[in-house]
Amino acid sequence: MMKKGKYILIMLSLFICAYLFSNRMTPRIENIASKEINQFIQILINHTSFTQKIDTHKLYKKENNSISFQMNYINDIASNYIHNLEETLLKLEEGSYQENNPYNKKLLKINQQKGIVARIPIGSLTNNIFLQDRGPSFSIKYKTLSLTSSNINKKIKNYGINHLAISIDLNVTIVLQILVPLYHEHFKENYTIPLVYEVIEGEVPSWYQN
């Protein structure tokens, strides 16, 4: 009976310690994981931008001193971008990503680790600068949930003398699940992705239509 009582007491103490450790460390893990995932998404967005080939002459039509955006072509660009972004996320998660160029060394490493964005030493969770790189590492992994294109922003403004600047941006909401020890939560962020920035020479029209 005494041994059983000691065993229960030890287990209870371990449970309380684990609970207190979890409550103390979870906010720090959440902060680090969110930063690492956000940096990864920024790299991914930049890489996907490099794969986009856009014919700027098909973006708009200029006639009778007015400019009209060609929305069918613009929507195709946005849909293609979303498809490429989601496909790359899934391939990295599966470890089947095979592209190779100077811009994606980070992505190739994530692909080799099947979606592990970073490995963080346990010491980085402390406030001690001498322990930042100490101790075993824990993995920050992601799981793709959804990508939603919220809207397309189109702008035309005067640019110098007899010029117009046309910009088209894509707003994308990315939702991932962060998989970290003691912390499994959703990551949801909105990103504005510049698709096109074009300067038109010639007479500046007094108005335009979408």
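Some points to look at:
- Net length available on complete extension from TYR73 to LYS155 is 27.9 nm, with 0.36 nm assigned per residue and the Cα-Cα distance removed.
- When each of the peptides 187-198, 81-92 is scored by how many other beta carbons lie within 10 Å of its residues on average, the order from highest to lowest is 81-92, 187-198.
- With each label modelled as a point 7 angstrom along the Cα→C-beta vector, the ARG134-LYS91 pair spans 4.3 nm.
- Distance between modelled label sites at GLU198 and THR173, nm, 7 Å Cα→Cβ extension: 3.0
- Full extension of the chain segment joining THR148 with GLN42 gains 36.5 nm, where the gain is 0.36 nm per residue of separation less the Cα-Cα distance.
- Distance between the modelled labels on HIS163 and GLU99, one decimal in nanometres: 3.0 nm (7 Å Cα→Cβ projection).
- Cross-link pairs exceeding 28 Å between alpha carbons, from the set LYS105/LYS154; LYS35/LYS155; LYS155/LYS188; LYS114/LYS188: LYS105/LYS154; LYS35/LYS155.
- Cβ-based net charge around ASN75, under 15 Å, with every Lys or Arg adding one and every Asp or Glu removing one: -1
- If you plug the beta carbon distance of ARG119 and SER66 into 1/(1 + (r/R0)^6) with R0 = 45 Å, you get a FRET efficiency near 0.20.
Values quoted throughout were computed directly from the atomic coordinates according to the rules given, and no laboratory measurement underlies them. Worth saying up front: this structure is predicted, and the values here are computed from it rather than measured. All Cβ positions, even for glycine, are placed from backbone atoms using ideal geometry, and neighbour counts span all protein chains on display.
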